[in-house]
């Protein structure tokens with residue numbers, strides 16, 4: 001089934017341009033010219049993307065608010081159509097994931113919507129469920145007894161469960177299960193996504209390793225053949241690297257809070273790292289904080305950074321989205337960035353106080369200072 005997009009716009013010229021571009025990308029489109037019609041559709045139907053012309057700020061605010069409040073569209077990818085460099089921050093504050101500058105050009109729109117489509121596919125796949133009943137083992141805080149449950153359905157982001165007794169208690173969980181027909185088990189942290197108030201509940205997987213995610217994605221693909229194939233990974237150029245983060249230039253960066261996989265591909269090796277987009281500048285690039293919550297991820301990250309630093313040729317660096325995080329960075333995470341000695345992470349933490357040009361100027365200054373320091377160290381040897 002085609003991805004579905006709702007376009008809220010009354011400008012005929014923009015509508016014609018979007019119709020052509022989205023049709024080429026095999027995205028089915030429905031158009032609305034007013035906010036009330038859009039809100040009614042958003043409360044009744046699922047759309048993978050909602051595209052809003054922000055020429056009328058009140059209309060845009062009403063539609064974006066409806067996207068976030070409608071249960072079936074909370075995870076829709078929101079795109080704001082705005083005047084160049086005008087109201088970018090406002091669009092993101094309203095809930096937009098991507099912005100597309102007017103006047104709409106076919107090339108710019110195609111690039112932007114390719115990135116949006118890749119994320120739309122991730123979110124659809126994450127929300128897709130395969131009905132399956134398998135035994136599940138749940139453990140809570142240390143010292144608590146293991147609980148047994150039966151799954152009702154399974155997806156890339158989590159599963160729903162049938163419980164033999166009272167509902168799950170809040171707090172940290174670990175889940176373990178074996179995939180039917182596969183010699184592989186999944187064990188990871190989890191959290192309660194919803195509580196049915198009795199014998200049913202839903203859990204969300206937390207920090208699946210890349211290996212576990214790949215196995216689960218492959219299994220779901222075999223048992224849910226209607227799921228779309230991944231789009232080709234997006235090429236990017238690495239400009240800044242630290243032990244905890246990197247900045248990459250690319251024409252269509254992914255939104256803040258997107259989980260991404262970064263891969264270096266050279267003739268003799270390939271290494272991979274996971275991260276979360278913390279800073280995004282439309283049509284320029286994005287800042288990614290590396291994640292290493294498991295020993296395996298830490299090893300992969302160390303290998304990734306080593307290969308980047310020691311490669312004598314320009315590596316092929318590609319980035320793929322893995323879906324959107326469910327929550328914003330916590331205050332504790334923000335404080336950890338501020339207290340970190342990692343200057344790149346510190347800059348990410350300050351990004352909310354800087355416009356795009358100011359951020360990039362500071363980034364360039366840090367890069368030049370690091371280069372001078374490296375040259376000085378080499379000269380003293």
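A short reminder: the numbers here are calculations on the coordinates, not readings from a lab. The structure displayed is predicted, hence computed values, not measured ones. Counting neighbours? That spans all protein chains shown, and the Cβs are built from the backbone with ideal geometry, glycine included.
Inter-label distance, residue 137 to residue 263: 3.2 nm, where each label sits 7 Å from its Cα along the C-beta direction. Using 1/(1 + (r/R0)^6) with R0 = 35 angstrom and r between the beta carbons of residue 176 and residue 237, what's the FRET efficiency to the nearest 0.05? Efficiency, rounded to the nearest 0.05: 0.30. Quick one: among 80, 182, 38, which has the greatest mean-square fluctuation in a GNM of the chain with alpha-carbon springs under 10 angstrom? Judging by the Gaussian network model, the answer is 182. Relative contact order of segment 8-52: what whole-number percent is it, with Cα pairs under 8 angstrom and at least 6 residues apart? Averaging sequence separation for qualifying contacts and normalising by length gives 51 percent for segment 8-52. Summary value for the chain: 10 percent relative contact order, contacts being C-alpha pairs under 8 angstrom separated by 6+ residues. Calculated mean residue ellipticity at 222 nm for the chain: -11500 deg cm²/dmol, from DSSP H runs with n ≥ 4 weighted as -39500 (n - 2.57), summed, divided by the residue count and rounded to 500.
Packing-based ranking of 108-114, 244-250, 359-365 yields 244-250, 108-114, 359-365, ordered from highest to lowest mean Cβ neighbour count within 10 Å. Modelled label positions at residue 313 and residue 105, each set 7 Å beyond Cα in the direction of Cβ, lie 3.2 nm from each other. In segment 130-223, Rg over Rh equals 0.94, where Rg is the alpha-carbon radius of gyration and Rh the Kirkwood radius from pairwise Cα distances. Cβ-Cβ distance of residue 370 and residue 189, R₀ of 41 Å, FRET efficiency by 1/(1 + (r/R0)^6): the value works out to about 0.70.
What does the highest-first list of 91-100, 347-356, 149-158 look like by mean Cβ count within 10 Å?
91-100, 149-158, 347-356
Have a look at 67, 318, 132 and tell me which one the Gaussian network model of the chain (Cα, springs below 10 Å) gives the largest fluctuation. So, out of 67, 318, 132, the one fluctuating most is 132.
Dimensions of the chain along the principal axes, based on C-alpha atoms and rounded to the nearest Å, stand at 66, 62, 40, largest first.
Bridge orientation summary for the chain: considering DSSP beta bridges with both residues in this region, about 75 percent are antiparallel. Shape summary: segment 1-115 maps onto an equivalent ellipsoid whose semi-axes, from the alpha-carbon gyration tensor, are 19, 17, 13 Å in decreasing order. Calculated FRET efficiency, residue 214 and residue 87, Cβ-Cβ r, R0 56 Å, to nearest 0.05? Step by step, r from the Cβ atoms, then E = 0.90.
Taking the chain as a Gaussian network of alpha-carbon nodes connected by springs under 10 Å, the highest mean-square fluctuation of the residues 66, 271, 218 belongs to 218.
A straight chain from residue 114 to residue 200 at 0.36 nm per residue would run longer than the Cα-Cα distance by 27.2 nm.
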